[in-house]
Amino acid sequence: EVTIRQVAAYANTIANDVINERFEAYLDEFLPLDYTEEEMDYLRKFQAVIPESEKKAVAAQAKQLFGRSEKAKEAAEMPIWNFHAKGLVGGKGSNDVGDVSWLTPTAQFTAVTWPSLSPGHSWQNVSCGKTGIGHKGLLLAAKVLAGTAADLLENPEVLQQAKEEFAVTTAQGYDCPIGREVTF
């Protein structure tokens, strides 16, 4: 006999294209970042210890972004993706922001803070946190967020467009995936 007790669930994420477009504009403005040769050497050291399966995953992602082109091959071999990967803005990832996105216009982007070939949530990623590499990515994210926030505050029509898009995409209503019978 098995008893199943649901204790958590997450709604799908609804990305707001109006806000994503602002993110895209600022990523175009601020990328590429200026890495020193010492930082690039540090990043290249990780390529030697990345498992083949991760290298294949990065190559597949590069092909998805650039097709079967020289740019895809170049991106797959870069020690850090220091460019605006347009297909990655608005990504969903694994998090609980999905529920929030049903209540207010929401958008996401990824900032460059670790080696391109390193697996997510890995020691390789953590190793860059206290370096200039991580700090440059942090400043990039802050600039993109600040620029987008300023646009929404200074241009009421952009904010209105984001709200209108949100109203259309959430018209069917939010249904919390955790049933009322769940108690904590």
Once each part is reduced to its C-alpha centroid, what is the distance from the range 1-47 to the range 93-116 in angstrom? 7
Cα centroid of the range 54-87 to Cα centroid of the range 141-184, whole Å: 30
Scan the range 90-184 for trypsin sites (Lys or Arg not before Pro) in coil per DSSP, keeping those whose Cβ has at most 14 other Cβ atoms within 10 Å, and list them by number. Lys92, Lys130, Arg180
In Å², and per residue, what accessible area does the range 1-82 have when probed at 1.4 Å with the other protein chains present? 66
Sorted from largest down, give the three principal axis spans of the alpha carbons of the chain, whole angstrom values. 58, 54, 35
Averaged per residue, the 1.4 Å probe accessible area of the range 111-162, protein heavy atoms only, in Å², is roughly 54
Got the relative contact order for the chain handy, in percent, Cα pairs under 8 Å and 6 or more residues apart? 36
How far apart, in nanometres, would the label points at Leu103 and Asp34 be if each is projected 7 angstrom from Cα along the Cα-to-Cβ direction? 4.2
With all protein chains present, how much of the accessible area of the chain (probe radius 1.4 Å) comes from carbon and sulfur, to the nearest whole percent? 56
Between Gln64 and Val7, what length in nm is gained on full extension when 0.36 nm per residue of separation is reduced by their alpha carbon distance? 17.0 nm
Expressed as an acute angle from 0 to 90° and rounded to the nearest 10, what is the orientation of the C-alpha long axis of helix 132-154 relative to the principal long axis of the chain? 40
Between Leu139 and His121, what is the spin-label point distance in nm, taking each point 7 Å from the Cα along the Cα→C-beta axis? 3.1
Given the pairs Lys45/Lys71; Lys143/Lys163; Lys63/Lys163; Lys56/Lys130; Lys63/Lys130; Lys86/Lys143, which span a C-alpha to C-alpha distance of over 25 angstrom in this model? Lys63/Lys163; Lys56/Lys130; Lys63/Lys130
In the full protein assembly as shown, how much of Cys176 is accessible to a 1.4 Å probe, in Å² to the nearest 10? 60
Options Asn155, Tyr174, Ser127, ranked by Cα towards positive dipole end of the range 120-178, top entry (Cβ charges): Ser127
Rough spin-label spacing in nm, given labels placed 7 Å along Cα→Cβ, for Asp151 and Lys86: 1.5
Any chance you could run the full-extension gain for Thr170 through Val182? It's 0.36 nm times the residue separation minus the Cα-Cα distance, nm to one decimal. 1.9 nm
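The values are calculated or read from the model by the stated rules, or taken from the named source; none is laboratory data. Quick caveat, the model's predicted, so the values are computed rather than measured. Every residue, glycine among them, receives a Cβ derived from its backbone with ideal geometry; neighbour counts consider all protein chains shown. Areas reflect the complete protein model, heavy atoms only, side chains present, ligands, DNA and RNA absent. Shrake-Rupley method; radii C 1.70, N 1.55, O 1.52, S 1.80 Å.
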